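Trainee: One structure, pasted below without further comment.
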Amino acid sequence: MNATDTPRTDRWNTPERAALRETVRAFAAREILPHVDRWEEEGRLPRDLHRAAGRLGLLGLGQPESVGGAGEMLDQLVVSEEAVLAGVPTGVLASLFTHTIALPALVADGREHLVRDYVRPALEGESICSLGITEPGAGSDVAGLRTRAVRDGDEWVLDGSKTFITSGCRADFVTVAARTSDTGHEGISLFVVERGTPGFTVTRALDKMGWHSSDTAELSLVDVRVPADRLVGEVDRGFYQIMDQFASERIGLSVQACAVARRCVDLSLEWVREREAFGGPLARRQVLRHRLVEMHRRTEVATSYVRGIAERLQDGEPLIAEVAMAKNTATEAMDRVVDDAVQLYGGMGFMRGTEVERHYRDARVFSIGGGTYEIMNEVIAKFLPLR
């Protein structure tokens, strides 16, 4: 580097974000890590955790100041990253930060009553919200959803069902996608549906392979009447509202996946240094050192790419294929690294209660949620000169 060259700024570790990381670690040590085993057994988070995060301003990061938020998207990503590096399960993050996928359309709408009644309370941790898109018969096909909303005077009447709804068991309100016309993806709208509305019920809590501390629900809507002013945005524009938030959701999952990989590298390094076998620590075995090198390499390469794409998103670039590549790159690296971590731990890696075992289970959803690995490849293919 020449004397006149300006060093590249590390936007992930500015003095302000270094302080934010310290805040997250202290929050995790005080409010989360002592309770993880119990929450994994209970299958849900306490409301007090949301309130505690709200008091620190962690829930509002990345949201506009006009609705009670602060900071940039990168600040919210730093919180998730540092929480994972501190040992917080990604299932905890899934439920604690469900508002990041449930609120964007309401924030974009911006009407005073939506901000007052739903956005601000969620950012303060006083209410819990969910996003209700996925249906039993549609899966990842948003355009194929069948829940219907029919206008009746000053109300909309909703009928249908939703599944795989994160935080759905505890949510005070759900941002629900429903069909308002028969024109495929053009005929979808979003509505706010409150808990306790007649006809709106949680039919069951779903058991999952991982993310045990995150509640996941099946929802039913039978003749659910919603005031007309709880239509979010314009009628028949819901598909585009959903697509608009996919980039931030996918980059968030990508950052978490890279953090899980880094956490598993760190745990594995500690394990092989301390574990004695065949007359010495495992770290002396070349085959294990090389496995760790590969874990580290995959993690560093994926993290570098994902961070670069996140920074470009923060700067306003309309990235679609790049975000899909980031998600597949991150999840692919994580899947390999968590598998290697369990292998290095041996029998202990197979035991419930070992952190790498939890990461192994929790990791599996990352290449499904927010758009499957296969759908991401199809998104990327659309930007290749194949015709």
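Trainee: Which whole-Hz couplings ³J(HN,Hα) result when phi for each residue of the range 49-57 is put into the Karplus expression 6.51 cos²θ - 1.76 cosθ + 1.60, θ = phi - 60°, listed in order with x for Gly and Pro?
Mentor: 5, 4, 5, 5, 5, x, 4, 7, x
Trainee: Any aspartates and glutamates with Cα under 20 Å of the LYS162 Cα? List them, leaving off those in the same chain fewer than 8 positions away.
Mentor: GLU135, ASP141, ASP172, ASP182, GLU186, GLU194, ASP207, ASP215, GLU218, ASP223, ASP236, GLU249
Trainee: While we're here: When the Karplus curve 6.51 cos²θ - 1.76 cosθ + 1.60 is applied with θ = phi - 60°, which whole-Hz ³J(HN,Hα) does each residue of the range 177-191 get, with x for Gly and Pro?
Mentor: 8, 9, 7, 10, 7, 9, 10, x, 5, 6, x, 10, 9, 10, 9
Trainee: Mind ordering 15-23, 237-245, 290-298, 212-220 by average Cβ neighbours within 10 Å, highest first? Intermediate values should be presented prior to the final figure.
Mentor: On the way: 15-23: 14.1, 237-245: 18.7, 290-298: 16.2, 212-220: 23.4.
Top to bottom by mean Cβ count within 10 Å: 212-220, 237-245, 290-298, 15-23.
Trainee: Using only the alpha-carbon atoms, how far is helix 73-85 inclined from the longest principal axis of the chain? Give it as 0 to 90 degrees, nearest 10.
Mentor: Orientation of helix 73-85: about 50 degrees from the principal axis.
Trainee: Moving to a separate point now. Given an 8 Å cut-off on Cα distances and at least 6 residues of separation, report the relative contact order of the range 292-380 as a percent. Before the final figure, lay out the partial values.
Mentor: Numbers: 67 pairs, mean separation 29.4, N = 89.
33 percent.
Trainee: Something else now. At 1.4 Å probe size, put PHE278, PHE191, PHE246 in order of accessible surface, largest to smallest.
Mentor: Numbers: PHE278 190, PHE191 0, PHE246 35 Å².
From most exposed to least exposed: PHE278, PHE246, PHE191.
Trainee: List the residues of the range 145-172 whose backbone N lies under 14 Å from a point placed 7 Å from the Cα of THR201 along the Cα-to-Cβ direction.
Mentor: Taking a point 7 Å out along Cα→Cβ of THR201, the residues of the range 145-172 whose backbone N falls under 14 Å are 160-162.
Trainee: Dividing the convex hull volume of the Cα atoms of the chain by its residue count, what figure in Å³ per residue is obtained? Provide the component values of the computation, followed by the final result.
Mentor: Details: hull volume 64.7 nm³, N = 387.
Taking the convex hull of the Cα positions in the chain, it is 167 Å³ per residue.
Trainee: Moving to a separate point now. Do you know the relative contact order of the range 229-387, to the nearest whole percent, from alpha carbon pairs under 8 angstrom that are 6+ apart? Don't skip to the end; give the middle numbers.
Mentor: Working: 154 pairs, mean separation 47.2, N = 159.
Rounded, it is 30 percent for the range 229-387.
Trainee: Show the residues, 5+ positions off or on another chain, whose built amide H is closer than 5 Å to the amide H of ASP172.
Mentor: ILE128, CYS129
Trainee: Given a cut-off of under 8 Å on Cα pairs at least six residues apart, what relative contact order in percent is computed for the chain?
Mentor: 15 percent
Trainee: Using a 1.4 angstrom probe on the protein heavy atoms only, could you order ASP48, ASP117 from most to least accessible area? Write down the numbers at each step before the final one.
Mentor: On the way: ASP48 100, ASP117 70 Å².
Of ASP48, ASP117, the descending order of accessible area is ASP48, ASP117.
Trainee: Among bridges DSSP assigns within the chain, what percent are antiparallel (round to 5)?
Mentor: Numbers: 30 of 36 bridges.
Around 85 percent antiparallel, to the nearest 5.
The values are calculated or read from the model by the stated rules, or taken from the named source; none is laboratory data. Everything numeric here is computed off the predicted structure, so don't read it as measured data. Don't worry about glycine lacking a Cβ; one is built from the backbone with ideal geometry, like all the others, and counts go over all protein chains shown. Areas reflect the complete protein model, heavy atoms only, side chains present, ligands, DNA and RNA absent. Shrake-Rupley method; radii C 1.70, N 1.55, O 1.52, S 1.80 Å.
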